[in-house]
Amino acid sequence: MTTSSSRADLPGRPCSIASTLAVVGEKWALLAVREISLGNHRFDAIARNTGAPRDRLAARLRALEDAGVVERRQYSERPPRFEYHLTAAGADLRLVLQALRSWGDRWAVDTPPATFVHGGCDGDVEVVLHCRGCGQHVAPDELRARTSAPGWTRTGPAQA
């Protein structure tokens, strides 16, 4: 996977969130990923369902392709036409989309416009955190940061 920015390009604390936002932080990028993950692979459908200006959407899709989040697959030679598909990196963003949807269902809308269910049992899906060490569910207020970036502490730059 390639990224459009290196750590030197990003100001402030070394952070995977900042690096992620450099790739998918513009709303049309994540909305395009949403549409592709829902099975809408053609540009016209992505544009219609996101409401994105066509020029801006084209730029976002190019950037997502450059970053290794989506790939173009040709489906017509004359005229040349392409579909967009998620790469493994793009598919991993589905969890991010579900977390954003969950937050939006709680805090941004009166009535959720869609729900997502488990294909095996039809039960509602929720995003949860679990500990890799013990396997238990973790509440958000139980998290603590372990800083590994040289010269930084949890509260900011280390004092010299």
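None of the figures in this text is laboratory data; all of them are computed from the coordinates on show. Please read all numbers here as calculations on a predicted model, not as lab measurements. So basically every Cβ, Gly included, is an ideal-geometry build from the backbone, and we count neighbours across all protein chains shown.
Here are the numbers for this structure:
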read-out: Angle in degrees between helix 54-66 and the longest Cα principal axis of the chain, rounded to the nearest 10; value: 60
read-out: Dipole magnitude (debye, nearest 20) for region 7-144, charges at Cβ of Lys, Arg, Asp, Glu; value: 460
read-out: Phi to ³J(HN,Hα) by Karplus 6.51 cos²θ - 1.76 cosθ + 1.60 over region 119-133, Hz, x for Gly, Pro; value: x, x, 10, 6, x, 4, 9, 10, 8, 10, 9, 9, 7, 5, x
read-out: Nonlocal amide H pairs with TRP152, under 5 Å, H built at 1.01 Å; value: ALA158
read-out: Rounded FRET efficiency, nearest 0.05, which uses the C-beta distance separating VAL138 from ALA158 and R0 of 25 Å; value: 0.40
read-out: Segment HIS85-HIS130, length gained on full extension (0.36 nm per residue, minus Cα span); value: 13.3 nm
read-out: Other-chain or far-sequence residues with amide H under 5 Å of ARG81's (modelled H); value: TYR75, SER76
read-out: Label-point gap, in nm, between ALA99 and ARG73 - each point 7 angstrom along Cα→Cβ; value: 2.8
read-out: Residue-span extension gain [ALA45 to ALA145] - 0.36 nm each, minus C-alpha spacing; value: 31.9 nm
read-out: Whole-Å distance, taken between Cα centres, linking region 23-60 and region 79-122; value: 13
read-out: Per-residue HN-Hα couplings for region 147-159 [Karplus 6.51, -1.76, 1.60; θ = phi - 60°; Hz; x = Gly/Pro]; value: 7, 10, 6, x, x, 10, 10, 4, 8, x, x, 5, 6
read-out: The chain - convex hull of alpha carbons, volume per residue in Å³; value: 177
read-out: Cα long-axis angle, helix 88-107 against the chain (0 to 90 degrees, to the nearest 10); value: 70
read-out: Built amide H within the under 5 Å cut-off of ARG42, gap 5+; value: TYR84
